[in-house]
Structures are given as C-alpha cells and as structure tokens.
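Bear in mind these aren't lab numbers, they're just calculated from the coordinates by the rules spelled out. In this text, all values refer to a predicted model and were calculated from it rather than measured experimentally. Note that each Cβ is placed from the backbone with ideal geometry, even for glycine, and that neighbours are counted across all protein chains shown.
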Ligand code: GLN
C-alpha cells in the first residue's frame, strides 16, 4: 500500500502539533515560519502552496529546523532574521534579536521629529549600540532625507547592520562603525539607543531563549543595570545643548533611576510606555 505524499500543508500541521507537544508558546506561528523558510517560501506565501508535495531534501531541512526549535532555540535564530518595524533584519551571533518593545523608541523619536517639523529636514541620526541596525534603519526608512551613524562595540554587529542597511536600500545614507559610547559625542539631531540594561546577576535567571542565544554584550548592564546609561548620558550633553533629543530604551523598572542620572547632568526626561504599558523609553532634552 502506498502512502499519500506529504504536502506542505500536512507537514505544517504535523509540525505545529509537535511544537505544541514540546510546550512551545506559539506553535502554529512557529511551524508556519519554520516550514516556509525551510522550503524557501515567505511565511505569508505558505497557505497558497500547501497542496504541493515536499521533496526529500525539503523534509530533511524542515526536520532540522524543527529539532532546533524543540531544543529551545528561538525562531529568529533558526531562520537568521527577524521583522522589526515591518522590515526584515538578518541576525548573527553578535546581534540581539530585535524586540517589538523597541518599536517604542522609533515611535517616540518620530513623534519628536513630527512635532518639530523635521520630516523634510536632513536630520542626523545616531544609534549607539546599533546591533542589527534595527532602530537606525527603521528611522531612516521613515525619514528619507536623514543620514545616520550606527556604532557598536562588536565588529560582527556592525557588519550585520551594514548588510541589513544595504539590503533595505538605506546603505547610502547610513554609516556603521565599530566603537564605544565615548565615540558618539559628535553632533546629532536624534540619538537612539537600546543599550544593555539587565543587572548582571539577573542574567542567569532570564528565559533560556534570551540567556542562551542573545549576546551577553547586548544584555549585561553591570551590577545595577545602569552602567551603559552612566557612560552614554555624559556623551549626550553637546547634542542636547544644540537642541537634539535622545531616546533611550530602558528596563521597565529603570525610569526613575535613568531620569535621576540625566537630571544630574541638567537634562530633562520624559518617559514613554510600550504597548504592554511598561515604561520603555526615556526621552532626554
Ligand atoms: N529587552 C531585552 C530583554 O528583555 C533586553 C535588551 C537590553 O538589555 N537592551 O531581554
């Protein structure tokens, strides 16, 4: 008796069931992304191709991705990319997976640009600790006359960010350099940053998908989680004095501490919340 050939649809459903049994949080979504990626389709295109029989090679590729997911690897790491602000960013071991919460940084910065009538001006953007380049590329995609500088301590991150910007058609307006916070003191109209802000001691207790797969350099904010802000804020004073604004992503319990830190340098802070209602961004002027 011959068995019906497996189709993308039957494989996708079996994958979702298997991920659910492995207690993965979003089994249907993950199965769709992994199966589609394994066979070279965009996840959105999968439903239209579900009657297609899969080849032996595809079955092997799908199985390899599912095994990694069952073992606890995040989907973004397996497929090597993540959507942020509607754009796709390639990732490597040196880049944090862009989080939806960080879109609050982009929203807050764009709100400032709009209030100040800046969309049509050639704004200068700086992104400190740019990682995959997500914040800077998202802003540049909205501000067609802006130019930007992305800085990262990690050469691997700077390379990923540069590649992402080029692929998104933003390469001519964005420059990426390897460097530290101290190198960001140049002038800018808008500074954004999602620095490491987790307390060192807490990292061991983070969810395994973060702890084991995001770069420690992008997470570890020192003993009280505030090391990066202590280093960055003094670098911003010239920018602020010239009327620029800075948008700092923070941990949800850090708004008071970062506001106080900025206050000691004479900067005024306002706090923006993310979609979950958590304090997420400190805006400095
Ligand atoms: N938001 C990230 C997390 O919760 C932390 C990123 C960071 O430290 N900047 O894992």
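Once the Cα atoms are used to define both axes, helix 103-115 deviates from the longest principal axis of the chain by about 50 degrees. Based on Cα contacts under 8 Å between residues 6+ apart, the stretch 8-79 shows a relative contact order of 35 percent. As an equivalent ellipsoid, the stretch 119-261 spans semi-axes of 25, 19, 12 angstrom, where each value is the square root of five times an eigenvalue of the C-alpha gyration tensor, largest first. Once the Cβ-Cβ distance of residue 241 and residue 59 is raised to the sixth power relative to R0 = 45 Å, the FRET efficiency obtained is 0.15.
Against the main long axis of the alpha-carbon atoms of the chain, helix 155-167 sits at an angle near 80°. Direction-averaged projected area, Cα convex hull, the stretch 8-138: 9.8 nm², rounded to one decimal.
Solvent-free Debye calculation, one equal scatterer per alpha-carbon of the chain: log10 I(q)/I(0) at 0.07, 0.08, 0.13 Å⁻¹ equals -0.30, -0.38, -0.89.
Helix 27-38 axis versus longest C-alpha principal axis of the chain: approximately 80°, rounded to the nearest ten.
The value of relative contact order for the chain, using C-alpha pairs under 8 Å at least six residues apart, is 14 percent. What is the log10 of I(q)/I(0) for the stretch 8-79, computed with the Debye formula using one identical point scatterer on each Cα and no solvent, at q = 0.15, 0.16, 0.18, 0.19 Å⁻¹? Here log10 of I(q) over I(0) equals -0.40, -0.45, -0.58, -0.65.
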